[in-house]
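This report refers to the structure that appears directly beneath it.
The values are calculated or read from the model by the stated rules, or taken from the named source; none is laboratory data. Since the structure is predicted, the reported quantities are computational estimates derived from the model, not experimental observations. Please note: Cβ atoms are built from the backbone with ideal geometry, for glycine as well, and neighbour counts cover all protein chains shown. Ligands, DNA and RNA are stripped out before the accessible areas are found, and what is left, the full protein with its side chains, is counted by its heavy atoms. Shrake-Rupley method; radii C 1.70, N 1.55, O 1.52, S 1.80 Å.
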Amino acid sequence: MIFFTTNIFIIKLSSFIGFFFVLTSIILFIIIMIKRFYLIRKQKRDERLLEEWRSILLKNLYGVPAPFKNIPKKNISLFLILWNNLQDILKGPEKEQLSQLARSLHINHIALTMLSSRKLSKRLLAISVLGNLREKKAWSRLHEFAKSENMTLAITAIHALAKIDPEKSVTIVISFMVHRQDWPNYRLVVILSEIGAGRFSNPLANEIRLLPSLKQPRLLNMMNFGDGKVVLPLVKQLLAATHNNEVISSCLNLLSIFGDHRDVPIVKAYLNHKEAFIRMWGVKTLASIGNESDLLALERCLSDRDWWVRYRAAEAIKLLPTTTDEKILEIRSRQSDRFAIDILNYVIS
Amino acid sequence: MSSISLVIIIFQVLYFFYFIGISLHYLILNISAAFVIAHHMEEKPSFNRIKTYSGFELPVSIIVPAYNEEKTIISTVFSLLMLKYPEYEIIIVNDGSSDNTLQSLIERFSLIPYPEAYKRSLDVNPIHTFYRSTTHPNIRVIDKQNGGKSDALNAGINLSKFPLFCCIDADSLLSRDSMLHVVSQFLDDTRTIACGGTIRIANGCKFKEGQLLQVGLSTNILALIQTMEYLRAFLFGRLGWVPVNSLLIVSGSFSLFKKQPVINVGGYSTGTIGEDMELVVRLHRYYRTHGIPYKITAIPEPICFTEAPEDLHSLKNQRVRWQRGLAESLWKNIDLLLHPKSGFLGWVAYPLTILFELVGPLIELAGYVFFLAGYFLGIISPQALVAFLILAIGFSLFISIVTIALEEMSFHIYPKLQNILLLFFAALLENCGFRQINTVWRVAGTMKWLFRFKGSWGAIERKGTSSTI
């Protein structure tokens with residue numbers, strides 16, 4: 001027999017590599033066990049510390065003086081996580097008191113130093129703390145972080161800026177929202193709610209007006225959380241000018257939130273649109289702002305060629321304040337279209 | 001040199017390169033997965049701080065195909081009802097079960113028949129009755145003629161109302177925040193069309209009304225070994241491919257898809273056993289060959305628990321089925337292999353999957369036969385046999401221990417020191433018998449695919465081995 005199986009060198013090499021893997025596995029396993037042992041101990045110690053700190057923090061918040069022992073440097077992240085969590089839970093004066101307590105412990109300086117950490121998780125933690133502390137000294141560094149390519153880092157920094165100075169942050173936030181199309185809406189909404197509808201609605205509406213229609217829908221969706229007095233004129237202006245279907249559907253959605261029965265004629269114009277999803281949005285909006293007098297328009301949509309339009313029309317009819325089971329049966333008896341009858345049967349059930 | 005010697009030399013050279021190749025392949029996947037996990041763990045605390053709903057969470061239709069699942073279906077639905085998610089519906093598809101699956105659902109959730117009007121986007125077998133729950137408005141049940149899991153899933157897609165649908169097995173139990181974790185992938189990157197979760201073994205864990213109370217390990221050796229296998233499969237086998245958008249499978253036990261892309265490619269293929277993998281590969285093929293940007297991803301969070309078979313017969317059926325599914329999926333989408341537009345997936349991931357996952361078991365089995373036959377015929381010395389065994393077992397053990405290390409650097413969900421010790425023994429045991437048997441089953445699966453045996457649901461004997469309080 002030739003080659004590997006009789007070649008002593010190959011056999012020895014194979015044995016050596018095999019033993020190397022076995023030995024490395026055993027060493028790795030021992031390391032894992034030791035790490036786990038320390039992890040379990042650390043978890044127990046952390047739980048004890050958290051309990052102790054939570055109790056001291058709460059006592060201080062409610063006027064019972066309880067001094068802090070020095071927080072060891074190695075446990076500072078743990079303390080900051082606890083402090084951040086309490087910030088998320090508390091509201092009003094307690095929140096401010098918690099910030100003062102943190103300042104008295106020089107947490108702001110510690111967090112500013114942590115901004116230079118090489119670990120992303122530490123930087124993220126420090127940014128959140130500085131935001132909650134409304135630490136103005138951190139503004140320029142946070143602004144730099146907001147330009148980062150790392151989305152989480154950038155958004156966390158923007159959020160912190162919005163907490164530190166909502167008024168000043170509006171233009172920055174909106175400028176980033178326009179240019180960073182990759183940022184997810186659900187994260188931006190949290191920031192906008194921090195800033196407040198009263199502050200962001202006008203500048204955002206102005207920005208939307210300046211954008212090409214392709215870029216408008218994403219920001220229009222943000223207007224769900226805006227001020228109705230600003231949103232409605234914007235929506236009417238856009239609907240009068242645009243032919244972009246995405247813009248139309250976003251505007252109809254906004255009308256369903258902020259509009260009232262006076263806007264029904266605008267909506268009805270879209271019930272015969274050539275695109276099914278626009279007709280569907282029309283029906284959906286009509287369901288929100290329409291009333292009994294719009295029943296006939298909705299009834300016509302029960303025979304639409306698209307299932308979703310029929311379905312939304314049936315749901316809309318059901319949601320009208322004056323609709324009763326008898327009324328739906330009566331509407332059904334008037335239908336000659338099989339699809340309309342089917343969808344009404346479904347709604348009745 | 002005789003022709004037999006020549007054949008033996010060629011065989012050895014091929015085997016040698018195969019071993020080097022598979023070792024490098026696994027090592028690179030491990031490194032890639034380690035990066036994914038490290039990055040994920042760095043950003044995780046930031047994600048966890050977003051506790052409130054933003055209003056942008058996409059509503060989800062959860063589809064649960066059920067075939068003879070009377071023992072597990074109720075706890076699965078309870079687990080789904082407790083999900084922390086703002087808007088979702090649950091569609092259970094009873095695919096012609098011959099046991100009391102439908103009856104238990106009717107009784108437990110007070111189901112009544114109703115006339116459904118739905119958009120039939122995909123062709124499915126005839127539907128007998130639609131039911132809705134009078135106690136839980138977001139539960140609907142389809143009772144249909146048996147047509148297999150794919151057909152059941154397609155029926156669920158037809159009935160679903162929301163833009164995302166989630167497919168889960170009737171024996172899967174989800175963690176409460178699972179949906180938030182998975183949906184965040186679709187919100188973070190709008191190109192995402194599919195996302196899989198990390199599945200763990202439920203055997204040995206304690207559940208109450210479908211909710212995980214305590215993580216533990218089973219004392220059944222087969223379940224224990226499968227725990228190790230699942231760790232390896234999900235922590236590096238899947239996550240390793242994520243950075244290069246070449247993930248070829250998201251588990252059918254828990255996966256989330258955008259509905260429209262799935263309808264565009266024709267839904268689940270009914271002529272396939274591994275419908276989950278086939279769909280994902282088809283999505284890759286469609287999007288790559290049409291040049292549409294997309295992303296198929298997975299998350300490392302252990303968000304779904306599933307029951308593993310504890311007897312050899314069920315396990316064998318499962319593995320044979322999986323291998324057939326793999327073969328079918330790869331064969332049906334063979335256009336993707338080395339396609340000019342297929343990129344890294346078609347030029348690297350696809351060929352490697354064919355080589356190491358489809359053909360691999362055949363090569364491995366041939367290797368065992370070659371070495372054993374050679375030893376008994378006196379061609380291979382005992383020293384050579386032992387040396388190569390140590391090499392093969394040593395490397396497999398190493399990969400398993402690295403997987404435990406990945407788990408340690410991420411979620412360490414098995415809380416006790418004894419758990420780690422048990423996992424280590426599972427890794428040892430796996431290589432001393434189980435791996436070899438599994439190789440035989442996988443070869444059998446490939447053979448069955450080659451000779452086109454008809455498939456079925458391949459039901460597993462459910463024992464309820466995770467304790468339910």
For B:Phe395, all conditions in the list (1) within 23 Å of B:Ser5 (Cβ to Cβ); (2) among the aromatic types (Phe, Trp, Tyr); (3) touching a residue at least 60 places away in the same chain (Cβ under 8 Å) hold save one; what is the number of the exception?
(1)
Tally time: how many residues in the stretch A:140-153 are more than 13 Å from chain B (Cβ to nearest Cβ) and open to solvent by less than 30 Å² (accessible area, probe 1.4 Å)?
2
Restricting the search to the stretch A:276-311, which residues are open to solvent by 70 Å² or more (accessible area, probe 1.4 Å) and of a type in the set (Asp, Glu)?
A:Glu292
Would you be able to say whether some residue in the stretch A:81-101 is assigned to a helix (DSSP H, G or I), within 14 Å of chain B (Cβ to nearest Cβ) and of a type in the set (Val, Ile, Thr)?
yes
Odd one out for A:Asp306 among (1) within 11 Å of another protein chain (Cβ to nearest Cβ); (2) over 26 Å from A:Val247 (Cα atoms)
(2)
Is the stretch A:14-36 home to any residue that is more than 9 Å from chain B (Cβ to nearest Cβ), hydroxyl-bearing (Ser, Thr, Tyr) and either buried (at least 16 other Cβ atoms within 10 Å of the Cβ) or more than 30 Å from B:Phe371 (Cα to Cα) (or both)?
no
Can you say whether A:Leu130 is among the hydrophobic types (A, V, I, L, M, F, W, C), open to solvent by less than 30 Å² (accessible area, probe 1.4 Å) and part of a helix (DSSP H, G or I), as far as the supplied structure shows?
yes
Would you please name the residue that is most open to solvent (accessible area, probe 1.4 Å), looking only at residues in the stretch A:44-77 that are outside any loop (DSSP other than H, G, I, E, B) and of a type in the set (A, V, I, L, M)?
A:Leu58
Near pairs, Cβ below 9 angstrom, 6+ apart or cross-chain, from the stretch A:323-339 (within 14 Å of another protein chain (Cβ to nearest Cβ)) to any residue that is at pLDDT 80 or above and surrounded by fewer than 11 Cβ atoms within 10 Å (Cβ to Cβ)
A:Phe339/A:Arg305
Top-ranked residue of the stretch B:420-441 - restricted to ones that are within 9 Å of chain A (Cβ to nearest Cβ) and open to solvent by less than 30 Å² (accessible area, probe 1.4 Å), ranked as nearest to B:Met228 (Cα to Cα):
B:Ala427
Subset of the stretch B:222-278 (residues that are free of Cβ contacts under 8 Å to residues at least 40 places away in the same chain, open to solvent by 30 Å² or more (accessible area, probe 1.4 Å) and of a type in the set (A, V, I, L, M)):
B:Ala233
Checking the conditions here, which among A:Lys136, A:Lys119, A:Lys147, A:Lys168 is more than 21 Å from the chain's Cα centre (by Cα) and closer than 27 Å to A:Ala205 by Cα?
A:Lys168
Show me the helices (runs of 4 or more DSSP H) found entirely inside the stretch B:314-419 where at least 1 residues are more than 14 Å from chain A (Cβ to nearest Cβ) and buried (at least 20 other Cβ atoms within 10 Å of the Cβ).
B:350-353, B:360-376
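Considering A:Ser77, A:Ser117, A:Ser121, which residue is within 22 Å of A:Ile155 (Cβ to Cβ) and in contact with an Asp or Glu (Cβ under 9 Å, 6 or more places away or on another chain)?
Among A:Ser77, A:Ser117, A:Ser121, only A:Ser121 is within 22 Å of A:Ile155 (Cβ to Cβ) and in contact with an Asp or Glu (Cβ under 9 Å, 6 or more places away or on another chain).
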Search the stretch B:133-173 for residues being among the charged types (D, E, K, R) and over 17 Å from B:Pro115 (Cα atoms), and hand back the single one that is modelled with the lowest pLDDT.
B:Asp171
Please pick out the residue among A:Ser193, A:Ser169 that is over 29 Å from A:His243 (Cα atoms) and either buried (at least 23 other Cβ atoms within 10 Å of the Cβ) or among the aliphatic types (A, V, I, L, M) (or both).
A:Ser169
What tally of residues in the stretch A:180-234 results from selecting those that are more than 10 Å from chain B (Cβ to nearest Cβ) and either among the polar types (S, T, N, Q) or not in a helix (DSSP H, G or I) (or both)?
11
Identify all residues within the stretch A:232-255 that are surrounded by fewer than 20 Cβ atoms within 10 Å (Cβ to Cβ), small (Gly, Ala, Ser) and touching a Phe, Trp or Tyr at 6+ places or on another chain (Cβ under 9 Å); write none if there are none.
none
Looking only at the stretch B:170-208, which residues are surrounded by fewer than 22 Cβ atoms within 10 Å (Cβ to Cβ), assigned to a loop (DSSP other than H, G, I, E, B) and of a type in the set (D, E, K, R)?
B:Arg176, B:Asp177, B:Asp189, B:Arg191
Please state which one of A:Thr156, A:Thr113 is β-branched (Val, Ile, Thr) and within 11 Å of chain B (Cβ to nearest Cβ).
A:Thr156
Having 2 or more residues that are open to solvent by less than 10 Å² (accessible area, probe 1.4 Å) is the bar; report the strands (runs of 3 or more DSSP E) wholly within the stretch B:91-157 that clear it.
B:139-144
Tell me yes or no: at least one residue of the stretch B:166-180 is within 14 Å of chain A (Cβ to nearest Cβ) and over 26 Å from A:Trp307 (Cα atoms).
yes
Would you call B:Ile74 surrounded by 18 or more Cβ atoms within 10 Å (Cβ to Cβ), at pLDDT 90 or above and in a strand (DSSP E or B)?
no
Tell me the residue from A:Ala314, A:Ala340 that is under 24 Å from B:Asn138 (Cβ atoms), open to solvent by less than 20 Å² (accessible area, probe 1.4 Å), in a helix (DSSP H, G or I) and of a type in the set (Gly, Ala, Ser), please.
A:Ala314
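This table checks each residue for (1) farther than 30 Å from A:Asp337 by Cα; (2) touching a Phe, Trp or Tyr at 6+ places or on another chain (Cβ under 9 Å); (3) not hydrophobic (A, V, I, L, M, F, W, C).
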residue: B:Asn68; (1), (2), (3): yes, yes, yes
residue: B:Thr72; (1), (2), (3): yes, no, yes
residue: B:Val77; (1), (2), (3): yes, yes, no
residue: B:Leu80; (1), (2), (3): yes, yes, no
residue: B:Glu87; (1), (2), (3): yes, yes, yes
residue: B:Ala117; (1), (2), (3): no, yes, no
